[in-house]
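*Asks:* Starting off with a structure, shown below.
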Amino acid sequence: MSKRVIIIGAGLAGLTAAHAAAKQGATVLVVDRGPIGIGTNSVLANGFFAGPSEKYSPDDYIRDTLRAGRGLNRESMVRLVAREAPSAFQRLRSAGVLLKDRGAQRCVVSPDPSVIPGVALMRKLADLVKTLEGVHVLPGFQVTELPCHNGRVCGVRGFNRKGEELDIDAPAVVLAAGGAGAIHRRHDNQKKILGQGYALAARAGLDLWDMEFVQFFPLVFADPRLPALIVYPPFAREAKLVDSAGESILEKHGLGDVNDAIVKKRDSFSALLFEEAQAGGVFLDLRDVPDSAWNVHPLAIFKRLRFDFRKKPVAVAPAVHFTMGGLRTGETCETDIGGLFACGEILWGLHGANRMGGNAMTECVVSGALAGRFAAERALREMPVPSCREKPRQDLAAAAVPGAGEVRDIFSAIRATAWECAGIVRSDDGLRRGIERIEAIEQRLKPLGAAGPGGRAVLEDARASALVLRAILQASLGRRESRGSFLRSDFPDEGDGSWLKNSCLGYDADKNTFTVKYLPVEGA
Ligand SMILES: Cc1cc2nc3c(=O)[nH]c(=O)nc-3n(C[C@H](O)[C@H](O)[C@H](O)COP(=O)(O)OP(=O)(O)OC[C@H]3O[C@@H](n4cnc5c(N)ncnc54)[C@H](O)[C@@H]3O)c2cc1C
């Protein structure tokens, strides 16, 4: 269909893009490997949006975002978001989302405090998108390739829940496939957020920027009986953070307040808690928190879990939270491939070396609206592109089918390598070891084929995860400093003299190799 926009990913960015594209009059197809809106990281969000308001000027927002990014942000992107955010918040309100002003942030108010704000937000947007004229949804469709012709995208290739291979033509495609948090052993993301979008883009010929910058969150449940839920501030005064001997971790390390430690010293606090967790454990003791606090967010959510927080402390530890690196686009969110747009967490540029809290959701609603609008304009004005059916298909028939145990084993090797070699604190030795390990894993994956759609999905995920982990390891190896979320035990200082640079990884699909360059920050 010549005037169609395909959107890959039904998270906050993808649904915002769908809304914007439909408003322009384009026909929109939203595809997601999972259910629409619900298998996404967006449903897990605490619902905070950073951005200018009456009490927080655009200049303050720009200053704080650049400060968090430690000089590596793409300033034009920060300014774009500062400019566009207020109207993006207004659109959310018009869509019926309850947004409360909280100084530097807006927050989604969930009508029920025991429902995660992201769930309330995404339910509303998913319901709305399904009622828009011209918008169609295809859940359970996994995109495996972005076929291109003469530097232009011509649609998507993938398979549906029955395992049927489909080529869907379109002159404009929006990649809103999210981040890669779940490639690590410990993370707070949805299990299938495995960097598939970065892999699709790299294989199509796009560079990956600043992939070494991965954000960790200090306090995430680590008890195996509980989901890996993030423990957000503000904490009640009565909450304590203790080690295995019951000693206060904050007092031991001379840290005043836990809320301050999380918000202002997130990276060093994560590294410290990582050491403590390795040494014997970190426990959040909520036993003295008064009854009234359990009826408000976030404790109202914890109260629904099968764990008696009022009788025993719960184990917590840092975990991977967010991927700062990704794809470079222009102000219309179009990538260097004509007709291919990107939005949401998969983008690079706004966050630099670390993301200011609340800026991921803002990035989704700003870039989603731009990508949707300009993708629609492109689809409505372009002549039809060649069909992607002309591209040859990968021959999977000859491949060896692995047992379920083997794929599980490969996944756990990827997650262990990510956590042990590309974790909170990295080193030359560890990174080199990580690259060797991931190359060996990729060799194991190479001859494998799939039996049935489930097996196919798992294999595609494993290949994407391995590729993205290799990108993270390679970009990390060359950066010989510590900055923002990126900590090296062998180069503990921030090296402004040589390192005000962004990493840029080019992928050679024929040789299956990355080449990394470190380029001076735009305008520096
Ligand atoms: C626990 C938690 C709390 C958070 N809280 C906040 C917060 O309060 N404020 C804030 O600013 N940020 C927060 N974040 C970060 C923020 O939620 C995410 O960055 C944001 O939701 C990402 O949205 P997205 O639309 O880019 O991607 P997602 O919401 O992750 O959606 C991407 C979708 O693309 C699909 N997909 C991927 N590859 C393919 C493929 N090949 N084929 C088909 N479909 C595909 C995925 O299945 C997924 O459904 C939080 C993150 C977590 C994990």
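The values are calculated or read from the model by the stated rules, or taken from the named source; none is laboratory data. Since the model is a prediction, treat every value here as computed from it, not as a measurement. Note that we place each Cβ from the backbone using ideal geometry, even for glycine, and neighbour counts take in every protein chain shown.
*Asks:* Given the criterion outside any strand (DSSP E or B), within 14 Å of the ligand (Cβ to nearest atom) and in contact with a strand residue (DSSP E or B) (Cβ under 8 Å, 6 or more places away or on another chain), identify the matching residue among Ala126, Ala201.
*Replies:* Exactly one of Ala126, Ala201 is outside any strand (DSSP E or B), within 14 Å of the ligand (Cβ to nearest atom) and in contact with a strand residue (DSSP E or B) (Cβ under 8 Å, 6 or more places away or on another chain), namely Ala201.
*Asks:* Among the residues of the range 79-106, write down those that are among the hydrophobic types (A, V, I, L, M, F, W, C) and either away from the ligand (no atom under 15 Å from the Cβ) or more than 15 Å from Cys364 (Cβ to Cβ) (or both).
*Replies:* Leu80, Ala82, Ala95, Leu98, Ala104
*Asks:* Scan Leu505, Leu487, Leu477 and give me the residue that is farther than 27 Å from Thr65 by Cβ and in contact with a helix residue (DSSP H, G or I) (Cβ under 8 Å, 6 or more places away or on another chain).
*Replies:* Of Leu505, Leu487, Leu477, the one residue that is farther than 27 Å from Thr65 by Cβ and in contact with a helix residue (DSSP H, G or I) (Cβ under 8 Å, 6 or more places away or on another chain) is Leu477.
*Asks:* Would you mind telling me which numbered condition in (1) acidic (Asp, Glu); (2) more than 12 Å from the ligand (Cβ to nearest atom); (3) touching a strand residue (DSSP E or B) at 6+ places or on another chain (Cβ under 7 Å); (4) modelled with pLDDT of 95 or more Glu75 fails?
*Replies:* Single failed check for Glu75: (3).
*Asks:* May I pose another question? Would you check which residues across the range 1-45 are in a strand (DSSP E or B), touching a Pro at 6+ places or on another chain (Cβ under 9 Å) and near the ligand (Cβ under 8 Å from one of its atoms) and list them?
*Replies:* The answer is Val31, Asp32.
*Asks:* Sticking with this structure for a sec: Just to verify a result, which residue in the range 158-179, among those that are in a loop (DSSP other than H, G, I, E, B) and more than 10 Å from the ligand (Cβ to nearest atom), is surrounded by the most Cβ atoms within 10 Å (Cβ to Cβ)?
*Replies:* So, considering only residues that are in a loop (DSSP other than H, G, I, E, B) and more than 10 Å from the ligand (Cβ to nearest atom), the one surrounded by the most Cβ atoms within 10 Å (Cβ to Cβ) is Ala170.
*Asks:* Name, by its number, the condition in (1) outside any helix (DSSP H, G or I); (2) within 16 Å of the ligand (Cβ to nearest atom); (3) under 30 Å from Lys501 (Cα atoms) that does not hold for Asp336.
*Replies:* Result: Asp336 passes all but (2).
*Asks:* Could I ask something else about it? Going by the structure shown, is Val115 touching a residue at least 60 places away in the same chain (Cβ under 8 Å), outside any helix (DSSP H, G or I) and β-branched (Val, Ile, Thr)?
*Replies:* Here the answer is yes, as Val115 does meet what is asked.
*Asks:* I'm trying to understand the selection: among the residues of the range 495-519, which are farther than 25 Å from Ala199 by Cα, out of contact with any Gly (no Cβ under 7 Å at 6 or more places or on another chain) and modelled with pLDDT of 95 or more?
*Replies:* Across the range 495-519, the qualifying residue is only Trp499.
*Asks:* Let me ask another. Give the residues of the range 282-330 that are more than 29 Å from Ile183 (Cα to Cα) and outside any loop (DSSP other than H, G, I, E, B), sorted by residue number.
*Replies:* Across the range 282-330, the qualifying residues are Asp285, Asp291, Ser292, Ala293, Trp294, Asn295, Ala300.
*Asks:* Which of the residues that make up the range 494-505 are of a type outside the set (S, T, N, Q), under 27 Å from Glu420 (Cβ atoms) and outside any loop (DSSP other than H, G, I, E, B)?
*Replies:* Within the range 494-505, Trp499, Lys501, Cys504, Leu505 qualify.
*Asks:* Being of a type in the set (D, E, K, R), out of contact with any Gly (no Cβ under 7 Å at 6 or more places or on another chain) and closer than 20 Å to Arg152 by Cβ is the filter here; which residues of the range 333-381 pass it?
*Replies:* Our first condition is that a residue be of a type in the set (D, E, K, R); within the range 333-381, this holds for 334, 336, 345, 355, 363, 373, 377-378, 381.
Checking which are out of contact with any Gly (no Cβ under 7 Å at 6 or more places or on another chain) leaves us with 334, 336, 355, 373, 377, 381.
Glu334, Asp336, Arg373, Glu377, Arg381, listed by residue number.
*Asks:* Taking the range 437-493 as the search range and keeping residues that are farther than 21 Å from Ala353 by Cβ and assigned to a loop (DSSP other than H, G, I, E, B), which one is nearest to the ligand (Cβ to nearest atom)?
*Replies:* Among those that are farther than 21 Å from Ala353 by Cβ and assigned to a loop (DSSP other than H, G, I, E, B), it is Ala450.
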